[in-house]
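The values are calculated or read from the model by the stated rules, or taken from the named source; none is laboratory data. Since this is a predicted model, take the numbers as computed values, not measurements. Because the Cβ atoms are built from the backbone with ideal geometry, glycine has one as well, and the counts that use them run over all protein chains shown.
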Amino acid sequence: MYNANFHRFLELTTEGDAEVRSKPEIPTVSEWAKEHLKFGADKIQASVLDHNAHRLILCCARQWGKTTIVAIKALHTAIFNPGTEIVVISRSVKQASLLLNKVCQSAAILAFPRKRVLGYENSLHLPNGSKIFAVANSEKSSRGYTANIVIVDEAALIEDDVIGSASPTLSRTNGKLWLLSTPNGQKGLFYHVWHDKALPGWLKVKATIEDSAYATPEFIAEQKRLFPFNFRQDFYCEFMPAKGSLLSRERIEQMIDPTLNHTPLDRLYKEPK
């Protein structure tokens, strides 16, 4: 059974009176996951789980386990912060529900009942009032929520306008935004956030196939040989330019000398007086 100390702070004394118990110290997410979910995180996974990032961008290889990691992180937040509301967005309701189902699987291990929020099929309602929703990939789907956390799964495949319409749900709570994805070309919010070195407050974490315990050297060598373009993007987390592009962003940046002063040229065409 789930340890009631996580969400029960009142107990009866021997005389039958209610006594307020001190709130137990909240363990780190990786410690909690290891003890109660039997999930042993590696170094990079633990850095994602344990960092209290207000803004998180996770750039990782396919099958690295980002869905499992973020699901555990979300559930921990929901359990230890009563009344938390978390919204999960992905490229489809089905895809968003995969992350929600990971949350529900871990909640079931802790003996929480699978209870939905009234009127929301793809949701989880915990006994402490916390709620987690999986919503569709559209500008209208996230409207009406007041979220403490917005999770955008497969963020590189989501239109910027969809993420932009979800961001206002965080304004009242000063909530958190977590973007997680494998790269998908040199476009979109996920790409620009990852490369913007002047953007403050973001925890940026990268995990390639070489950081994965499941991939054998033989598999890596085969994928690299058979699918070189996809391999660099899907497994080495490179933001690849579109096929046929003459110059990549990285090549252009290498050509820029920041020590040179910019001297504007006269316009070749001038408006007639």
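The table that follows gives values for the structure above.
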read-out: Members of the stretch 87-102 that are closer than 18 Å to Pro113 by Cβ and within 13 Å of the chain's Cα centre (by Cα); value: Leu100
read-out: The one condition in (1) under 26 Å from Trp194 (Cβ atoms); (2) surrounded by 14 or more Cβ atoms within 10 Å (Cβ to Cβ); (3) of a type outside the set (Lys, Arg) that Ala78 fails to fulfil; value: (1)
read-out: Any pair with Cβ under 6 angstrom, 6 or more apart, that starts in the stretch 36-47 at a residue that is in a helix (DSSP H, G or I) and of a type in the set (Gly, Ala, Ser) and ends at one that is at pLDDT 95 or above and surrounded by 15 or more Cβ atoms within 10 Å (Cβ to Cβ); value: Ala46/Ser30
read-out: Every pair of residues 6+ apart whose Cβ atoms lie under 7 Å, when the first sits in the stretch 145-164 and is touching a residue at least 40 places away in the same chain (Cβ under 8 Å) while the second is of a type in the set (Lys, Arg) and not in a strand (DSSP E or B); value: Thr146/Arg172; Glu154/Arg91; Leu157/Arg91; Ile158/Arg91
read-out: Number of positions in the stretch 161-188 that are farther than 22 Å from Ala147 by Cβ and part of a helix (DSSP H, G or I); value: 0
read-out: Residues being of a type in the set (A, V, I, L, M) and assigned to a helix (DSSP H, G or I) - total across the stretch 103-121; value: 4
read-out: One residue from Leu75, Leu98 being in contact with an Asp or Glu (Cβ under 9 Å, 6 or more places away or on another chain), part of a helix (DSSP H, G or I) and over 16 Å from Gly175 (Cβ atoms); value: Leu98
read-out: Complete set of residues in the stretch 209-237 that are in contact with a helix residue (DSSP H, G or I) (Cβ under 7 Å, 6 or more places away or on another chain) and of a type in the set (Lys, Arg); value: Lys224
read-out: In the stretch 87-128, the residues that are among the small types (Gly, Ala, Ser) and either out of contact with any strand residue (DSSP E or B) (no Cβ under 9 Å at 6 or more places or on another chain) or without any contact (Cβ under 8 Å) to a residue 24 or more places away in the chain (or both); value: Ser92, Ser106, Ala108, Ala111, Gly119, Ser123
read-out: When residues of the stretch 189-208 are limited to those that are in a helix (DSSP H, G or I) and in contact with a helix residue (DSSP H, G or I) (Cβ under 6 Å, 6 or more places away or on another chain), the one nearest to Gly164 (Cα to Cα); value: Leu189
read-out: Out of Ile86, Ile69, sole residue that is in a helix (DSSP H, G or I) and of a type outside the set (Gly, Ala, Ser); value: Ile69
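Residues are listed down the side, and each one gets a yes or a no for (1) of a type outside the set (Gly, Ala, Ser); (2) crowded, with 19+ Cβ neighbours inside 10 Å; (3) at positive phi:
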site: Ile132; (1), (2), (3): yes, yes, no
site: Tyr145; (1), (2), (3): yes, no, no
site: Asn148; (1), (2), (3): yes, yes, no
site: Asp153; (1), (2), (3): yes, yes, no
site: Ile163; (1), (2), (3): yes, yes, no
site: Thr182; (1), (2), (3): yes, yes, no
site: Gly188; (1), (2), (3): no, yes, yes
